[in-house]
Amino acid sequence: MPMLKKIVPIALLALYIIVFAVCAVSPYDRTVWIVENIPIVLIVVINLVIYKYFQFSPLSFILMSFLIILHTIGGHYTFERVPFGFVTNLFEFTRNHYDRISHFSVGFYAYPFAEILLVKKLVRSKWILAMFPIFAIFTVAAGYEIFEWLYAINAEASAGAAVLGSQGDVWDAQKDMLADVLGALFAMALFWAVNRRQIRQIGQS
């Protein structure tokens, strides 16, 4: 297990560097590519800084990597143009739902958030442990939607529309946030299943 904790983050970082390098070549829109990659690069940098003080579990790193990889690919094509036709055709969707899958993976960050709370014993209530990461994800999701909106109304029209990625859906922002929260609920259910023994000990000491 100790060896796995070292290998997994290194392997995932190497994978990200490769995907980033490939996706940096001839993106659909260079401006959109830069804007979409800024938050992802920040996430990677923050993880590198945190690693010096706290080592997440291999599962946490794997879950966090989903958003990093999916978003990096989305930035290359712009989310509505990612080759995702087989899913769209299979389920007879009227839009490209690649962005919704990416938003669902945002919710996976509830897992490492909860892991810090549990390992560092920062909470003494199972309810707070269960709900705080979900509310944190919802807050970040809402903040990101506001960021996208502000960028869209101030940027050049085509770049703004590409970053917003609503594809004509007036409820796109709300659905994106719902996907974020559903991802967080999934992550917390997984967290509870994996860490149930340690969770039982909360409030007993």
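The values are calculated or read from the model by the stated rules, or taken from the named source; none is laboratory data. Just so we're clear, the structure is a prediction, and the values are computed from it rather than from any experiment. Cβ: placed from backbone, ideal geometry, glycine included. Neighbour counts: every protein chain shown.
A single member of Val19, Val41 is surrounded by 13 or more Cβ atoms within 10 Å (Cβ to Cβ) and touching a residue at least 24 places away in the same chain (Cβ under 8 Å), and it is Val19. The number of residues in the range 56-112 that are at pLDDT 90 or above and in a loop (DSSP other than H, G, I, E, B) comes to 6. When residues in the range 113-161 are screened for being over 16 Å from the mean Cα position of the chain (by Cα), in a helix (DSSP H, G or I) and free of Cβ contacts under 8 Å to residues at least 24 places away in the same chain, 13 of them pass.
Kindly provide the set of residues from the range 132-148 that are of a type in the set (A, V, I, L, M) and loosely packed, with under 14 Cβ neighbours inside 10 Å, ordered by number.
Selection gives Ile146 alone.
Looking at (1) outside any helix (DSSP H, G or I); (2) without any contact (Cβ under 8 Å) to a residue 40 or more places away in the chain, which is the only condition Ile34 fails? Exception for Ile34: condition (1).
When the range 162-200 is filtered for residues that are among the β-branched types (Val, Ile, Thr) and in a helix (DSSP H, G or I), the ones remaining, listed by number, are Val163, Val181, Val194, Ile199.
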